[in-house]
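Trainee: One structure, pasted below without further comment.
The values are calculated or read from the model by the stated rules, or taken from the named source; none is laboratory data. Being a predicted model, the structure only gives us computed values, none of them experimental. With ideal geometry, Cβ positions are generated from the backbone for all residues, glycine too; neighbour counts draw on all protein chains shown.
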Amino acid sequence: MPQDSSHAGGGPHRVVVIVDENSNPFELGCATEVFGLRRPELGRDLYDFRLCSPEPETLMRDGFFTLTGVADLAAAEAADTLIVPNRPDVEVPRRTEVLDTVRRAHTRGTRLVGFCSGAFTMAEAGVLDGRRATAHWQWAHEFRARFPSVRLEEDVLFVDDGDILTAAGSAAALDLGLHIVRRDHGMEAANSVSRRLVFAANRDGGQRQFIERPMPETPDESLAPVLAWAQERLDATLTVQDLAARASVSPATLHRRFRAQLGTTPLAWLTAQRLALACRLIERGEPGMESVARRSGLGTAANLRALMRRDLGLTPSAYRRRFG
């Protein structure tokens, strides 16, 4: 469920990242890009963003550089969302003080986020027992062997289990970060952040981690033209057959290309795009849910309501109250 995006003491929701020895710079950069930048284009800042570390100097992955000048672990005690450390040497136990910090945050009700191997940190802290999570596919076997009580979903981009969210790895950290912005601030804000990132705004967490991209045989089989064509006609009665005809291929071939290039099905992609449009219409003040459903191609208010409850955990009226 979406949660209040303001900090308990007033002001923006506070996101704190724990950086530990050998942490990955890429995921730290993803967190900074999504949660740490000022947003003049929105007229407000979405988050209060801070870094902290158990040591005054932290050697990052493979000694690429040393991070200095950040707060100590006490900063994590005031977090509304705590992003736990990740690193490639998953077999090395995390520091006791880091694990204790994660446990205390979980007890307080702080939202916990793990990128890539961050799931190992949370599992070592014991906060994932009986919970859903994901991690990078190359560590799935080791993770299952070490933490059998965690319900690992190994072939998805990210898992949202309410107050604990995990991303599979690297670029999936951006997918999860944008998902969190959507939860906290709505579709328009997430789209604004994604445009600044020049990154896809809405890849569903259930899409596959590993997407096969074989070298094309001369003809360009990119889906980009048909996707752009469909996005301009979401209010029309579009079917998978229509998309296939536009791409001049059979429905079966289109399905294979969607799986290979996007890790999802044509129907699931089309539904997700329509739901995203419906959310934007609600945020912009479109009156009446029947009108929203019709303009977004979802047909009826009943269908809109069912999809929003399934995918967002909110009814259209609750979404309007929160983000309208």
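Trainee: Looking only at the stretch 287-300, count every residue that is surrounded by fewer than 18 Cβ atoms within 10 Å (Cβ to Cβ) and either over 30 Å from Arg259 (Cα atoms) or under 22 Å from the mean Cα position of the chain (by Cα) (or both) and tell me the total.
Mentor: 4
Trainee: If I ask for residues that are surrounded by fewer than 14 Cβ atoms within 10 Å (Cβ to Cβ) and under 19 Å from His106 (Cβ atoms), which ones from the stretch 141-150 would you list?
Mentor: Scanning the stretch 141-150 gives a single hit, Ser149.
Trainee: Residues that are of a type in the set (Phe, Trp, Tyr): find the strands (runs of 3 or more DSSP E) completely inside the stretch 30-90 holding 2 or more of those.
Mentor: It comes to 47-52.
Trainee: Is it the case that Leu267 is modelled with pLDDT under 95, assigned by TED's automatic domain parsing to the domain that holds Arg294 and buried (at least 17 other Cβ atoms within 10 Å of the Cβ)?
Mentor: no
Trainee: Quickly run through the stretch 74-99 and pick out the residues that are touching a Lys or Arg at 6+ places or on another chain (Cβ under 8 Å) and surrounded by fewer than 21 Cβ atoms within 10 Å (Cβ to Cβ).
Mentor: Residues satisfying the conditions are Ala75, Glu77, Ala78, Pro88.
Trainee: Scan Leu82, Leu73, Leu28 and give me the residue that is at pLDDT 95 or above and under 19 Å from the mean Cα position of the chain (by Cα). Even if it seems obvious, please write down each step before you answer.
Mentor: Working: Leu73 fails: under 19 Å from the mean Cα position of the chain (by Cα); Leu28 fails: at pLDDT 95 or above.
Criteria check complete, one pass: Leu82.
Trainee: Here's a follow-up. Looking at Thr66 and the list (1) at pLDDT 95 or above; (2) touching a Leu at 6+ places or on another chain (Cβ under 6 Å), which single condition is not satisfied?
Mentor: (1)
Trainee: What is the residue count in the stretch 279-300 for residues that are without any contact (Cβ under 8 Å) to a residue 24 or more places away in the chain and either closer than 21 Å to Glu232 by Cα or of a type in the set (Lys, Arg) (or both)? Give the steps one after another, and end with the answer.
Mentor: Pass one, the stretch 279-300, residues without any contact (Cβ under 8 Å) to a residue 24 or more places away in the chain: 281, 286-288, 290-291, 293, 299-300.
Cutting the leftovers down to either closer than 21 Å to Glu232 by Cα or of a type in the set (Lys, Arg) (or both) gives us 281, 286, 290-291, 293, 299-300.
Residues flagged as without any contact (Cβ under 8 Å) to a residue 24 or more places away in the chain and either closer than 21 Å to Glu232 by Cα or of a type in the set (Lys, Arg) (or both) within the stretch 279-300 amount to 7.
Trainee: So, Thr81, is that one in contact with a helix residue (DSSP H, G or I) (Cβ under 7 Å, 6 or more places away or on another chain), in contact (Cβ under 8 Å) with a residue 60 or more places away in the chain and in the same structural domain as Ala190 (by TED's automatic domain parsing) or not?
Mentor: Working: in contact with a helix residue (DSSP H, G or I) (Cβ under 7 Å, 6 or more places away or on another chain): no; in contact (Cβ under 8 Å) with a residue 60 or more places away in the chain: yes; in the same structural domain as Ala190 (by TED's automatic domain parsing): yes.
Against the criterion (in contact with a helix residue (DSSP H, G or I) (Cβ under 7 Å, 6 or more places away or on another chain), in contact (Cβ under 8 Å) with a residue 60 or more places away in the chain and in the same structural domain as Ala190 (by TED's automatic domain parsing)), Thr81 does not qualify.
Trainee: So which of Leu42, Leu67, Leu46, Leu37 ends up being in contact (Cβ under 8 Å) with a residue 40 or more places away in the chain, in contact with a His (Cβ under 8 Å, 6 or more places away or on another chain) and either surrounded by fewer than 22 Cβ atoms within 10 Å (Cβ to Cβ) or not acidic (Asp, Glu) (or both)?
Mentor: On the way: Leu42 fails: in contact with a His (Cβ under 8 Å, 6 or more places away or on another chain); Leu67 fails: in contact with a His (Cβ under 8 Å, 6 or more places away or on another chain); Leu37 fails: in contact with a His (Cβ under 8 Å, 6 or more places away or on another chain).
Step by step, each of Leu42, Leu67, Leu46, Leu37 is checked, and only Leu46 is in contact (Cβ under 8 Å) with a residue 40 or more places away in the chain, in contact with a His (Cβ under 8 Å, 6 or more places away or on another chain) and either surrounded by fewer than 22 Cβ atoms within 10 Å (Cβ to Cβ) or not acidic (Asp, Glu) (or both).
Matching residues to (1) touching a helix residue (DSSP H, G or I) at 6+ places or on another chain (Cβ under 8 Å); (2) assigned to a loop (DSSP other than H, G, I, E, B); (3) surrounded by fewer than 22 Cβ atoms within 10 Å (Cβ to Cβ); (4) in the same structural domain as Ser170 (by TED's automatic domain parsing):
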| position | (1), (2), (3), (4) |
| --- | --- |
| Thr101 | yes, no, no, yes |
| Ala105 | yes, no, no, yes |
| Leu112 | yes, no, no, yes |
| Ala119 | yes, no, no, yes |
| Met122 | yes, no, no, yes |
| Gly130 | no, yes, yes, yes |
| Trp139 | yes, no, yes, yes |
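Trainee: Return the pairs, sorted by first residue and then second, in which the second residue is of a type in the set (D, E, K, R) and at pLDDT 90 or above, the first residue lies in the stretch 227-254 and is in the same structural domain as Ala293 (by TED's automatic domain parsing), the beta carbons are less than 8 Å apart, and the residues are 6+ apart or on different chains.
Mentor: Note: pairs meeting the criteria are Trp229/Arg246; Ala230/Arg246; Leu234/Arg274; Asp235/Arg294; Asp235/Arg295; Ala247/Arg257; Val249/Arg257.
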